[in-house]
Amino acid sequence: GVVSVEDDFLPFEYGLEQNYPNPFNPSTSIKYSLKEPGLVKIKVYNIVGQEVLTLVNNFQQAGKHDVKFDASALASGIYMYQINVNDFSSVKKMMLLK
């Protein structure tokens, strides 16, 4: 088939990158890529698995995205962040050091 120029810039798969910087204080950036458009949910959990907040909960186009996470209201420690979009799910850890 014919590949349009725009397709060259679309990710071939879904992905969730390690936040940067990590450890962080008080804010960090989380990058992720979407192979197809979909309803994106990114939630942050504490180390015992309780949901702390929802960072992203909306429909997004395919491509590369990033979201800032401001944890100034949270205590130091290890947190998990999870992305769910279409049939893709991934979890990573991050550390808040105050």
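The values are calculated or read from the model by the stated rules, or taken from the named source; none is laboratory data. Predicted, not measured: the structure shown is a model, and the values here were computed from it. In this analysis, Cβ positions are derived from the backbone assuming ideal geometry, glycine residues included, and neighbour counts consider all displayed protein chains. Quick note on the areas: whole protein, heavy atoms, side chains included, nothing else; ligands and nucleic acids left out. Shrake-Rupley method; radii C 1.70, N 1.55, O 1.52, S 1.80 Å.
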Cα-centre dipole for the chain with unit charges at Cβ (Lys and Arg positive, Asp and Glu negative), debye to 20:
500 debye
Counting heavy atoms of the protein chains only and a 1.4 Å probe, report the per residue accessible area for the chain as a whole number of Å².
63 Å²
Treat segment 19-98 as a sphere of radius equal to its Kirkwood radius over Cα pairs and apply Stokes-Einstein at 4 °C in a medium of 1.567 mPa s; give the translational diffusion coefficient in µm²/s, rounded to a whole number.
101 µm²/s
Which distance in nm do the two modelled labels at A73 and E36 give, with both placed 7 Å along the Cα-to-Cβ direction?
3.5 nm
For the chain, what % of the accessible area comes from carbon and sulfur atoms, probe 1.4 Å?
53 percent
Nonlocal Lys pairs with alpha-carbon distance under 20 Å, the chain (8 or more apart, or different chains)
21
Output for the chain: GluC sites (Glu not before Pro) sitting in coil per DSSP, at most 11 other Cβ within 10 Å, listed by number, reads E13
Once the other residues with Cβ under 14 Å from the Cβ of N86 are scored (Lys, Arg +1; Asp, Glu -1), what is the net sum?
-1
So what is the relative contact order of the chain, in percent, for Cα pairs below 8 Å that sit 6 or more residues apart?
31 percent
Could you give each residue of segment 30-45 its phi-based ³J(HN,Hα) in whole Hz, using Karplus coefficients 6.51, -1.76, 1.60 with θ = phi - 60°, and x for Gly or Pro?
10, 9, 8, 10, 10, 6, 9, x, x, 7, 9, 10, 10, 10, 10, 10
